[in-house]
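Quick note: the coordinates plus some simple rules give every number you see, no bench work behind them. Predicted model only: the values in this text are computed from it and were never measured. Virtual Cβ from ideal backbone geometry, glycine too; neighbours counted across all protein chains shown.
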Amino acid sequence: MTMLSGDVAGDHRPARPPVPASAAAARDQVERLLEEHFRGAPRHGAPTVALTDALLVASELVTNAIRHGGGVTGFAARVTGEGLVLTVRDRSPEAPTVRLRTEGHAFPMGGYGWPLVQRLATRIHIAPVREGKTIRVLLPLTPDPSPEPGPSRSR
């Protein structure tokens, strides 16, 4: 039996997904996790709103880590009884901030992602780590509201 550095005989833990190098790679990991979690659900898959929100938040957190945090150094996505927990670690100790509109500009350049994360997450925790910070968010995984059964009526 060949053992690699760090292997322990008899240790058969599943391999962790690699740290995503892009927002698209993070979205792929989250989408696979949620597809697996909701497999066999009555609607055959993740609720559309929950999936869309999860992919958007994963994308924003990873993009911010790449653009403002010196790169992604850690990433995890897991489903708990409370919802989807996304954790992103980067190299910067600076917490995200909201950029305000500058005088004479109708809209700020960028800066929409963090307020969106704040709006969609039910819990956000930012913690300093040895070389940077970790941002952990909790997103609800509630089903989409169902349309009222029966024909629609107009008055």
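Ranked by Cβ crowding within 10 angstrom, fewest neighbours first, how are Ile124, Ile66 ordered?
Ranked by crowding around the Cβ, least crowded first: Ile124, Ile66.
What list of ³J(HN,Hα) couplings, whole Hz, do you get for the range 123-134 from phi and the Karplus terms 6.51, -1.76, 1.60, once you set θ to phi - 60° and write x for glycine and proline?
8, 9, 10, 10, 10, x, 10, 3, 10, x, 8, 10
Could you derive backbone 3J(HN,Hα) for the range 117-122 from the dihedral phi with the Karplus parameters 6.51, -1.76 and 1.60 (θ = phi - 60°), listing whole Hz in sequence and x where the residue is Gly or Pro?
After applying 6.51 cos²θ - 1.76 cosθ + 1.60, I find 4, 4, 6, 7, 7, 8 Hz.
Hey, fewest Cβ within 10 Å first, where do His68, His125 land in order?
Ordered by Cβ neighbours within 10 Å, fewest first: His125, His68.
What FRET efficiency comes out for Arg91 versus Thr142 if R0 is 41 angstrom and r is the Cβ-Cβ distance? Round to the nearest 0.05.
Using R0 = 41 Å, I get an efficiency of 0.75.
When a footprinting reagent is the concern and you count Cβ atoms within 10 Å, what order do Phe75, Phe38 take, fewest first?
Ascending Cβ contact count within 10 Å gives the list Phe38, Phe75.
Once label points are set 7 Å from the Cα along Cα→Cβ at both Ala21 and Val79, what is their separation, rounded to one decimal in nm?
Using points 7 Å along Cα→Cβ, the separation is 2.9 nm.
Can you list residues whose amide H is under 5 Å from Thr134's amide H, if they're 5+ apart or on another chain and H is modeled 1.01 Å from N?
Answer set, sorted by chain and number: Ala127, Val129.
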